[in-house]
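So the structure is just underneath, and the comments pick up after that.
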Amino acid sequence: MNKLKRPEISRIIEMAWEDRTPFEAIEQQFGLDEKSVIKLMRAEMQPSSFRMWRKRMGGRKTKHRDLRKGEIDRFSSPKKY
């Protein structure tokens, strides 16, 4: 894992918590694959919060681009500017 600054770490955590943001989007923007995101989350969060996040993300189709329905092909809101 490269040396990330605090604002980047905060953004990665935010994206990881978002239901509709796939891990591939985090990798594209920050160069961290899913395993690296999990490692970062474990290091940055309290153990109970990390367990809650892992339970929430487990099996969530929207977190993996390959498991999404075909009509969902973006990871950024069209309303975001």
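The values are calculated or read from the model by the stated rules, or taken from the named source; none is laboratory data. All values derive from a computational prediction rather than experimental measurement. All Cβ positions, even for glycine, are placed from backbone atoms using ideal geometry, and neighbour counts span all protein chains on display.
Do we have Arg65 as at pLDDT below 95, in contact with an Asp or Glu (Cβ under 6 Å, 6 or more places away or on another chain) and either loosely packed, with under 10 Cβ neighbours inside 10 Å or of a type outside the set (A, V, I, L, M, F, W, C) (or both) here? In short, yes. None of Glu14, Glu24 is surrounded by 15 or more Cβ atoms within 10 Å (Cβ to Cβ), assigned to a helix (DSSP H, G or I), acidic (Asp, Glu) and out of contact with any strand residue (DSSP E or B) (no Cβ under 6 Å at 6 or more places or on another chain) except Glu24. Considering only residues in the range 1-23 that are within 8 Å of the chain's Cα centre (by Cα) and of a type in the set (Asp, Glu), the one that is farthest from Met45 (Cα to Cα) turns out to be Glu18. Among the residues of the range 16-61, those identified as within 21 Å of Leu4 (Cβ to Cβ) and among the aliphatic types (A, V, I, L, M) are Ala16, Ala25, Ile26, Leu32, Val37, Ile38, Leu40, Met41, Ala43, Met45, Met57.
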